[in-house]
Amino acid sequence: MAKKYGMIHDNNLCIGCQACNVACRSENQIPESVYRLQVWVKQEEYPNGGLGYEYHRQSCVQCENTPCVSVCPTHASYKNEDGIVLIDNDLCVGCLYCVAACPYQARYVHPVTKAPDKCTFCHESRLARGEEPACVTVCPTDALIFGDLNDPKSKINKALSERVTYRQKESLGTQPKMFIVPNHKGGIRS
Amino acid sequence: MNQIWGSMEQYSTLVWHWPIAVYLFLAGLSAGAAMTSLIVKWIEGNGKPPWDGLIKAGALLAPLTICLGLVLLIFDLTRPLMFWKLLIHYNFGSVMTLGVLGLFIYTPLSFIYAAIKFKPWLFETGPFAGLLRPFKGLLDKVGDNPAWLERTLFLFAVIIGIYTGFLLSAMYSYPLFNTPLLPILFLASGLSSGIAASILFGLLFFKSEVNEKNAKYLLELDLRVVPMELLLLFALFVGMYFQGGDKAIIAVQALTTGIWAFVFWGGVIGVGIATPLLIAITALKHHAYRVGYILLNSLVVLIGVVFLRLYILYAGQTFVG
């Protein structure tokens, strides 16, 4: 059976340290000033006046129902057999339709290739070697869980069965495979 | 870089810039000009050479503006040398691919149609007459009134006009684009700009060949399309407002905030819709034939449509909720 890779970002465990961001840059040799992954830290004030932080993982959410792939005129944007959304640079003309159509702002134009680039779950490097994506490996608090959604015994399915999760902009019907465990404090702002 | 997570420069929602707006304008104008030329040509008595100046103007504008727009579009790609991959790789679910396929049919037809209208110039009086003479037989075979060609051209002009709207409305990342009325609005404003450009171009370059009756007819037609645009804009924003949530907020923001609200009220409504209507009920009252005002009228309609494309493209990418 084909794999279907997904990820969980647990807002209660995340501390916004950016280790994932740095690991991603080094593993994937991301040029200066562009990012496949950032964790946005936002200060929150709760109804009782208490302070806290919300952490937003800004990266591709690996939709099942992919706006970027739908609009791409040449099939340069595609979803591979493991459910990962990728870009075939050889087919890309640089129309940026995918960059515009992505509701998650996951794509940027690579300054060297001039083609859009994005999170690949480290598909071409670490995943191919049987390792987890760089961000997951380095996370000091285990706030990121990665695995095969088609395998009932996988770590991710275990976590999805035990924790409350939501996905960003679910109303758009994009079916992201990036699940978020909301902060236990305050409200959810999806 | 102020945040610990790094530069946020790449997260601008403004992805498509002015060349796209100009392309959307030129493609709409091209489609509108083709329709205009055919509408005039199909009027009883206009179906044979010498062609009316307005028929010629529209026939010439259609291929020229679409080619200009496509060149602009290609150079706006981040990888312009790869553009040919668009021509041989298709995704039938992508509006851009469907547009490419539509243009495959529309563009050559618009050239053939124009060639029929400029036969004497192409094969006898023009500078390329010697070079082109071998093709005269081919064009003669098509004849002066190829019904199948004209009907197909008209159909594809409608398709091109409407596809420019679907190109934007297919993106649900931008609520102002993602409305069912946008393709209709673009088709209507494309037709309006095509009529205006044909009148302007016809009266400037083929004045002696323009029949006053045809010019008046087109002027009246444009004065019917312009209020339609107003109605479509009205329905678009009110419709968004009634959708509630983010969409209601975006509709209000787009009409009230910053430079783009100014462009909308001043450029789209003021210049593009109010001015031509004002000219129609004053200087051109009772269908007076005053060339100066007719040219002015066409000019403001064209400028208004440029503003409309710029406004929709930029406001749509600015106000995203």
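Quick look at the numbers
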| quantity | calculated |
| --- | --- |
| Of residues in the stretch B:80-127 being part of a loop (DSSP other than H, G, I, E, B) and exposed (fewer than 15 other Cβ atoms within 10 Å of the Cβ), the one nearest to the other protein chains (Cβ to nearest Cβ) | B:93 |
| Residues located in the stretch B:213-240, provided they are closer than 15 Å to residue B:174 by Cα and more than 21 Å from the chain's Cα centre (by Cα) | B:237, B:240 |
| Failed condition for residue B:298, given (1) buried (at least 21 other Cβ atoms within 10 Å of the Cβ); (2) modelled with pLDDT under 95; (3) among the hydroxyl-bearing types (Ser, Thr, Tyr) | (2) |
| Residues being surrounded by fewer than 15 Cβ atoms within 10 Å (Cβ to Cβ) and on the phi < 0 side of the Ramachandran plot - total across the stretch A:45-65 | 9 |
| Residue list for the stretch A:63-96, filter: more than 7 Å from chain B (Cβ to nearest Cβ) and assigned to a helix (DSSP H, G or I) | A:68, A:69, A:89, A:90 |
| Identity of the residue in the stretch A:114-142, within 13 Å of the chain's Cα centre (by Cα) and among the aliphatic types (A, V, I, L, M), that ends up farthest from the other protein chains (Cβ to nearest Cβ) | A:136 |
| Any hit, the stretch B:207-229, residues being over 23 Å from residue B:180 (Cα atoms), in contact (Cβ under 8 Å) with a residue 12 or more places away in the chain, in contact with a Gly (Cβ under 7 Å, 6 or more places away or on another chain) and in a helix (DSSP H, G or I) | yes |
| Selection count where residues are of a type in the set (A, V, I, L, M) and surrounded by fewer than 17 Cβ atoms within 10 Å (Cβ to Cβ), scope the stretch B:204-220 | 1 |
| Residue A:45 vs. criteria under 16 Å from the mean Cα position of the chain (by Cα) and of a type in the set (Asp, Glu) | no |
| Neighbours by Cβ (under 7 Å, 6+ apart or cross-chain): first from the stretch A:38-58, over 18 Å from residue A:19 (Cβ atoms); second surrounded by 12 or more Cβ atoms within 10 Å (Cβ to Cβ) and aromatic (Phe, Trp, Tyr) | A:42/A:53; A:43/A:53; A:44/A:53; A:52/A:46 |
| Verdict on residue B:40 being modelled with pLDDT under 95, touching a Leu at 6+ places or on another chain (Cβ under 8 Å) and of a type in the set (Val, Ile, Thr) | no |
| Every residue from the stretch B:17-50 that is within 14 Å of chain A (Cβ to nearest Cβ) and outside any helix (DSSP H, G or I) | B:17 |
| Extreme residue, farthest from residue B:15 (Cα to Cα), among residues of the stretch A:93-108 that are under 17 Å from the mean Cα position of the chain (by Cα) and hydrophobic (A, V, I, L, M, F, W, C) | A:106 |
| Residue check for residue B:153: in contact with a Leu (Cβ under 6 Å, 6 or more places away or on another chain), away from every other protein chain (no Cβ under 14 Å) and over 25 Å from residue B:55 (Cβ atoms) | no |
| Flag for residue B:313 being surrounded by 16 or more Cβ atoms within 10 Å (Cβ to Cβ), free of Cβ contacts under 8 Å to residues at least 24 places away in the same chain and not β-branched (Val, Ile, Thr) | no |
| Selection from the stretch A:18-37 of residues that are facing chain B (nearest Cβ under 7 Å), under 20 Å from residue A:61 (Cα atoms) and either surrounded by fewer than 18 Cβ atoms within 10 Å (Cβ to Cβ) or in contact with a Lys or Arg (Cβ under 8 Å, 6 or more places away or on another chain) (or both) | A:34, A:35 |
| Pairs where the first residue, in the stretch B:4-16, is within 7 Å of another protein chain (Cβ to nearest Cβ) and the second is of a type in the set (Ser, Thr, Tyr), C-beta under 7 Å, 6+ apart | B:6/A:35; B:7/A:33; B:9/A:33; B:10/A:35; B:10/A:108 |
| Only listed residue being out of contact with any Gly (no Cβ under 7 Å at 6 or more places or on another chain), part of a loop (DSSP other than H, G, I, E, B) and at the interface with chain B (Cβ under 7 Å from one of its Cβ atoms), chosen from A:103, A:111 | A:103 |
| Exclusive hit being within 30 Å of residue A:91 (Cα to Cα) and more than 16 Å from the chain's Cα centre (by Cα), set B:141, B:85, B:136, B:119 | B:85 |
| Single residue of the stretch B:162-184 satisfying the filter (more than 14 Å from chain A (Cβ to nearest Cβ) and surrounded by fewer than 24 Cβ atoms within 10 Å (Cβ to Cβ)) that is nearest to the chain's Cα centre (by Cα) | B:162 |
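Here's the yes/no breakdown for (1) surrounded by fewer than 21 Cβ atoms within 10 Å (Cβ to Cβ); (2) of a type outside the set (Gly, Ala, Ser):
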{"position": "B:11", "(1), (2)": "yes, yes"}
{"position": "B:46", "(1), (2)": "yes, yes"}
{"position": "B:51", "(1), (2)": "no, yes"}
{"position": "B:58", "(1), (2)": "no, no"}
{"position": "B:67", "(1), (2)": "yes, yes"}
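The values are calculated or read from the model by the stated rules, or taken from the named source; none is laboratory data. Because the structure is predicted, anything quoted here is derived from the model rather than measured. Backbone-built Cβ (ideal geometry, glycine too); neighbour counts: all protein chains shown.
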